[in-house]
């Protein structure tokens, strides 16, 4: 498929995947784990060999994601965590990496554990300032700089271009968790990133029925890409054929879902900001957001469907709000068609630095008026 196509077209066309055997407009599900060889012992069709290596459904979804990200290649994994940790597991023991101090809790917690064990040397930096990143990197020693933007669940925004310059000046690669933005709003490679990560469970799939992760690479000739591919193959953290088929199905409406969620989220964020029971709203689309200007530069077409807001009264106030909700679903995860809300401090536990009154809100595909009506009746008057 041509790289000149707009992201919306790439989504709607499923990255160009088609079913050649039947001429169906929807690619077929091919669940086979193994593939035939001919009399000469050569593979009969392409490089179809064994499902732990790859498969038709997985390749179709990977190709679509690579096109969307402007990447040279992409690899799918059985979960977001499987994808993210593969980057670090192929580094030499004791390698130095740098990470944002805030971000997806499970990844940050894992990095802290590796640092404590001595498996990796990890320096953490405040995601709000490039100066803190410059202090954290070690020129000639740092292998990976890991950032997440927007930062889950506080929704700060990291300047990707600035982070890329610092990383590259130090001889490191920049890896960006762009889950909260999706490729519809931010394509990190265009801003200098080397590796892009998504929890594909979220916006890429968008229907809360697939667990998946993906890595996309700026240049597949980079040595780390061969290491990542080998780790996936040997470790077996591949995505199943049915999950890959569902993922590609979900991606075909991603542009519509993300655009709708972005419009609704901005409207709801403004109403929350004006509500007397709300102490603070963090949404990149608000002019009050500390990194709003950065968000405007690197988020194109909207600011996403994710935000957090702090309810006055701390944990008791926040938990009271979610107890009174009727339409908005109280559940973990994000990026699905249904609007979800979660008290992150309860989920992350005592090690969390998330404010006690913070609620994470993922706007879905419902009408903004209905979402707001439910939130408004649940907030203290």
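Here are some notes:
- Straightening the chain between residue 220 and residue 348 buys 42.5 nm, computed as 0.36 nm per residue apart minus the Cα-Cα spacing.
- Here the Kirkwood formula, the inverse mean of 1/r across different C-alpha pairs, assigns the chain a hydrodynamic radius of 21.4 Å.
- Note on 264, 365: ascending count of other Cβ atoms within 10 Å places them as 365, 264, the fewest first.
- For the chain, the 222 nm mean residue ellipticity estimated from helices alone, with every DSSP H stretch of n ≥ 4 adding -39500 (n - 2.57) and the total spread over all residues, rounds to -11000 deg cm²/dmol.
- On Cα atoms only, tilt of 160-169 relative to the major axis of the chain in degrees: 60
- Gain on full stretching of the segment that runs from residue 242 to residue 290 - 0.36 nm per residue minus C-alpha separation: 13.1 nm
- Each part reduced to its alpha carbon centroid, segment 250-297 and segment 151-170 end up 20 Å apart.
- Cβ crowding within 10 Å, taken as a proxy for footprinting-reagent exposure, orders 374, 169 from fewest neighbours to most as 169, 374.
- With a simple spin-label model that places each label point 7 Å from the Cα along the Cα-to-Cβ direction, the separation between residue 271 and residue 19 comes to 4.2 nm.
- Radius, Kirkwood style, for segment 196-244 when every pair of distinct Cα atoms is counted (Å): 12.0
- Folded to 0 to 90 degrees: helix 105-117 orientation relative to the chain principal axis, Cα: 70
- When 194, 132, 353 are sorted by how many other C-beta atoms sit within 10 angstrom of their C-beta, beginning with the fewest, the order is 353, 132, 194.
- Computed from the C-beta positions of residue 227 and residue 373, the FRET efficiency with R₀ = 56 Å rounds to 0.65.
- Full extension of the chain between residue 44 and residue 8 gives 9.5 nm of extra length, using 0.36 nm per residue less the Cα-Cα distance.
- Rounded tilt (10° steps) of 254-274 against the dominant C-alpha axis of the chain: 20
Quick note: the coordinates plus some simple rules give every number you see, no bench work behind them. Since this is a predicted model, take the numbers as computed values, not measurements. Positions of Cβ are backbone-derived with ideal geometry, glycine not excepted, and every protein chain shown enters the neighbour counts.
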